Each structure stands twice: as C-alpha cells, then as structure tokens.
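See structure below.
The values are calculated or read from the model by the stated rules, or taken from the named source; none is laboratory data. Predicted, not measured: the structure shown is a model, and the values here were computed from it. Backbone-built Cβ (ideal geometry, glycine too); neighbour counts: all protein chains shown. When the accessible area is computed, the model is the full protein with side chains, heavy atoms only, and any ligands, DNA or RNA have been set aside. Shrake-Rupley method; radii C 1.70, N 1.55, O 1.52, S 1.80 Å.
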Amino acid sequence: MSENRSGGPAASTDATTASASPECADTLGKDDAVQDEALMQQALDAAILGVRGANPLVGAMLVSEAGDVLSIGHHRGAGTHHAERDALERFRRDHPGGSDLGTATLYSTLEPCRHQGRQPACTELIIDAGVGRVVHGASDPSSNGGGAEVLRRAGIDVVSGVLAQQCQALNHRWVTAANQSRPFVTAHLAQTMDGRIAAEDGTSQWITSKAARDHTHQVRSRADAILVGTNTVAVDDPRLTARTPSGELSLRQPLRVVMGMTPVRPGLQLTQGLPEGDGWVQLRTRDPLTALQELAQTTHGGYPVKHVLVEGGQSVLSAFFAADLVDEVFAYQAPLLLGTGRGSVGDIGVRTLSEAPRFALDPAEGGPVQIMDSDVCVHLQPKGDTCSPES
C-alpha cells in the first residue's frame, strides 16, 4: 500500500519470524515485541482519524528509547502531509531546540514510501531526521513499495510486519482498488427512512438537512471526480460543485463526470461558463468498470483521478454496487417516510438473502455513526475477511 507518496546494511527483523524463532531472540525479545504491538495499536488508533479516498489511512508515532510517546501523526488525505512527516514535524514543533532521534523509534502502520509525489518521500525525511529504528505494520505491495529496504541500506534498524493483519485490514478496499488499477469509489446515499431519493412526483429537494449536505460538499471537495448518470443531469440539473457552508465555491473542485449514452443537453448548469463549466466530461458507457478505467487514465488539476464520488442516480448506484465497485459508503438517513417514489438502489442481482453484499461500520473520519441536524449519517465499507482494525 502507499499514501500515493507520490552506510552498511542495518539489522532487519521480521516480527512474525522473530517472535517464533529462537535465533532472533537477541534482535527482538519478547518484551520488545509486546511493546511494539502495543505502540502499533496506538498508531492504528491515530490512522482512523484520517479520511478515506485516493490514499490509504496511515498513522505514525515517534517513541523514545524509554518508551515515551514523543509525537503522534496521521495522514489527512491526498495532498496533505504523510503520517510519518506529520509525526516528525509535530516533534520538531514541540522541541524547537532539536533533539537526537538516534535512539528513537518511528512506528508506522504502513511501510514508509520511497516515492516523491505531491509530498517528499518519507524514507528521505526519516533518514534526514536521524531516526535510529523504524517499525511498520503492512508492507507496501504497490510500485511505490520498497521503503523498508531503503531505510536498511541507510543503516536504520527496521522491523516489519508488526500487527500486519490489522494494518492491512485497515485499508483492504484501498488495496482492492489499487490491484484493479482503478480509482477508490465512495458512494453517496441521501434517502428517507424507507430508502427513497425522490417522491412519486419526482420532488427531491431537500430530503436531507443542510448539515448532511454540507458534509457531502466536504467529501466532494477532496474527491478527484464526482460521477452521476445522464438521467440525474437531465432531471435535477445539478451544478456538481463543491461548496462551503456559506455557499461559496470551495478552492478545490472535482472533475464533474456524467456516465451514460444520452447526450447532455446544452444549457444545463453543468455546461455553463466558468467556473461552473470548468472541468466536466461525459463517459459514453453504462459499464461502471469501464468508466473507472477511463477515469484512471484522466488527470484533473494536474493529478490523476484516484478518488471518485458516485452520487447517483438509482441506475448508476445500482450498477456500481452490483459490480462490487463501491469501497466506501456515506448513507444519510432523513426522518421522512414516502412509501412510494424512487429508491436509492434498484436491482443489483440479489435473489436470495445469502447473495446480499454486506457492509461493516467504518470507524474512520469521526466514527461510523454521526448525527447531522435531524439526520443520521452511517459510514460503511464492504465487509471483507478482515475489514476491522480491531479484528
């Protein structure tokens, strides 16, 4: 995994091997292993403070030789400091006079990156800071992996695989998206108690509260693209912009994407002049994987599209759910009942209960359940074999 981040050899230790093999007892004693696991759990707790999207969740922590926590950091999304850099800079702010980190340990839930992207490579920052020991959980299977070996060649003691299963589970859907060479997908459901997104006469503004809509705009502002179907564009005439609570355009705007075969009618808000018409595209396909693969080859604002927010309508959301291409769900539930009208999700091919896709509560970004005015926002992710960091 990667945060999109984008001397003789030191002793290296694999945590799993060390805890089971007597030959490694001198390198990593039982007490050290127990302490490493306890501290890695704290790094995991920090990681879930972040947001899902283009980059994985990552937590990091600097610890003194005596076991005192010096600083804690986490990644806050694409374009922000990586967790390791966050921890190092927090330490520097708290110790303006500087301090020798040669006996300190840096814990990271993910193997530090060696790739220069929007942020500098974490391996370089760690080496320059003089950190003497690094302990990481999950290894990076992507092309940006190999950071542990870079650190070892620089003379840093590296321990790999501490709480590896939990660290891997933290980002299991991010890994799925990366392995499929497609963007990470967040699905947006704004619905009534009975799962309706519009009344029988087509009215839908507004089902959810302003607080829920403001949260949606926060998600829009960090997504690389927002995707809807041609019917949603024709019926609702949305702007598909990210806006602040006061209604102003956010500094960062997603690429607006329309999926479907029907041409977008001229004169709709989506097609108007700047800034409303700055950055929109139609993908002439009904296949969600094809759409994502096309977006993976697209750049917006100078960077590749790696996070797509799917907002509907029913046919588009159903296609993404049916294809198991949804990695995260924000379901906003309003205290309304319609009884009839259009549902948020239609036929996804489920004919019996055992075929139904199941989801797990997602503890990231403020917790799995949040109250937003009169609405309830439930944060979910597809249930994997090991989808919970606490499992």
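Quick notes
- Looking at the chain alone, DSSP beta bridges between its own residues are antiparallel in about 45 percent of cases.
- Highest average packing first - 359-371, 154-166, Cβ atoms within 10 Å: 154-166, 359-371
- The stretch 30-171: relative contact order as a whole-number percent, Cα under 8 Å and 6+ apart: 21
- Close amide-amide hydrogen proximity is noted between SER250 and ALA242, ARG243, THR244, each under 5 Å apart and 5 or more residues distant or on a separate chain (H modeled in the peptide plane; Pro and chain starts excluded).
- Under-5 Å amide H pairs with GLY146, H placed in peptide plane, nonlocal only: ASP140
- Vicinal HN-Hα couplings computed from phi for the stretch 71-80 (Karplus, 6.51 cos²θ - 1.76 cosθ + 1.60; Hz; Gly/Pro x): 6, 10, x, 8, 7, 10, x, 3, x, 9
- Between the alpha-carbon centres of the stretch 215-230 and the stretch 280-310 there is a gap of 12 Å.
- Per residue accessible area of the stretch 112-246, 1.4 Å probe, in Å²: 38
- The stretch 197-247 pair-distance distribution - Cα-Cα, 10 Å bins, rounded %: 21, 51, 27, 1
- Once the Cα gyration tensor of the stretch 30-171 is diagonalised, semi-axes √(5λ) in Å: 19, 17, 15
- Of all beta bridges that DSSP places with both ends in the stretch 253-391, some 80 percent have antiparallel geometry.
- For the stretch 152-243, the list of chymotrypsin sites (Phe, Trp or Tyr not before Pro) that fall in a loop by DSSP and count at most 14 other C-beta atoms within 10 angstrom reads TRP206.
- Whether the stretch 286-365 is rounded, prolate or oblate, judged on the alpha carbon gyration tensor where a/c under 1.5 counts as rounded: prolate
- Taken over the stretch 211-338, the percentage of Cα pairs per 5 Å bin, counting from 0 up to the bin with the maximum distance, is 2, 10, 21, 23, 23, 14, 5, 1, 0.
- Under-5 Å amide H pairs with ALA198, H placed in peptide plane, nonlocal only: ARG342
- Highest to lowest packing among 281-289, 95-103, 218-226, 54-62, scored as the average C-beta count within 10 Å: 54-62, 218-226, 281-289, 95-103
- Computed over protein heavy atoms with a 1.4 angstrom probe, the accessible surface ordering of ASP86, ASP94, ASP32, largest first, is ASP94, ASP32, ASP86.
- Projecting the Cα atoms of SER160, LEU125, PHE359 onto the charge dipole of the chain (Cβ charges, centred on the Cα centre) puts PHE359 farthest toward the positive pole.
- Options GLY343, PHE184, LEU295, ranked by Cα towards positive dipole end of the stretch 181-382, top entry (Cβ charges): LEU295
- Two-site FRET efficiency, HIS217 against GLN269, from Cβ-Cβ distance with R₀ of 22 Å, rounded to 0.05: 0.90
- Coupling constants for the stretch 182-188 follow from the phi torsions by the Karplus curve (6.51 cos²θ - 1.76 cosθ + 1.60, θ = phi - 60°), and in residue order they are 9, x, 5, 10, 10, 9, 10 Hz; glycine and proline get x.
- Of the peptides 321-328, 106-113, the order by per-residue mean of other Cβ atoms within 10 Å, starting with the highest, comes out as 106-113, 321-328.
- Across the stretch 233-248, computed HN-Hα scalar couplings (Karplus, 6.51 cos²θ - 1.76 cosθ + 1.60, θ = phi - 60°) run 5, 5, 7, 8, 6, x, 7, 6, 9, 9, 10, 7, x, 8, x, 7 Hz from first to last residue, x flagging Gly and Pro.
- Net charge of Cβ neighbours under 12 Å - reference GLU294; Lys, Arg +1; Asp, Glu -1: +1
- In whole angstrom, the chain maps to an equivalent ellipsoid with semi-axes of 42, 22, 19, each derived as √(5λ) from the alpha carbon gyration tensor and ordered largest first.
- Computed [θ] at 222 nm, helices only, for the chain once each DSSP H run of length n ≥ 4 contributes -39500 (n - 2.57): -7500 deg cm²/dmol
- Summing Lys and Arg as +1 and Asp and Glu as -1 over all other residues whose Cβ lies under 12 Å from the Cβ of GLY146 gives a net charge of 0.
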